[in-house]
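The values are calculated or read from the model by the stated rules, or taken from the named source; none is laboratory data. Values in this document were obtained by computation on a predicted structure and should not be read as measured data. Methodologically, a virtual Cβ is constructed for each residue, glycine included, from the backbone with ideal geometry; neighbour enumeration extends over all protein chains shown. The accessibility values were calculated without ligands, DNA or RNA, using every heavy atom of the protein model including side chains. Shrake-Rupley method; radii C 1.70, N 1.55, O 1.52, S 1.80 Å.
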Amino acid sequence: MGLKRTDEFRADAVRIALTSGLTRKQVASDLGVGLSTLNKWVTAHRDTDVVLDKDLDLARENERLRRENRSLKEEREILN
């Protein structure tokens, strides 16, 4: 049987998964939990206030900027 995680640990894991910009696979690995377990926690906490709307907005903006940055770097590589 696996290690029992506290509700606080689960909530923190969900917050990190949704706002860090890391893949869920990376977050799960970093926290020492299975990917399916993390996904289950995220689904269970989706409708709770574990992550504030402003944090989600920031996470979405960060991800958009990361994609844009990757695209610009690829364009620069092509032009050089």
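Label the chain by shape, choosing from rounded, prolate and oblate, from the square roots a ≥ b ≥ c of the eigenvalues of the Cα gyration tensor; if a/c is under 1.5 it is rounded, and otherwise prolate applies when a/b is larger than b/c, oblate when it is not. It comes out oblate by the Cα gyration axes. The fraction of accessible area contributed by carbon and sulfur in the chain is 51 percent, rounded to a whole number (1.4 Å probe; ligands and nucleic acids excluded).
Take the chain with all the other protein chains still there, run a 1.4 Å probe, and you get 79 Å² of accessible area per residue. Over the chain, calculate the relative contact order: mean separation of alpha carbon pairs under 8 Å at least 6 apart, over the residue count, as a percent. Taking the mean separation of contacting Cα pairs over the length of the chain, I get 33 percent.
Springs between alpha-carbon pairs under 10 angstrom, Gaussian network model over the chain: which of LYS25, LYS40, LYS54 fluctuates most? The residue that fluctuates most here is LYS54. Around the Cα centre of the chain, unit charges on the Cβ atoms of Lys, Arg, Asp and Glu (plus for the first two, minus for the last two) sum to a dipole of about 320 debye.
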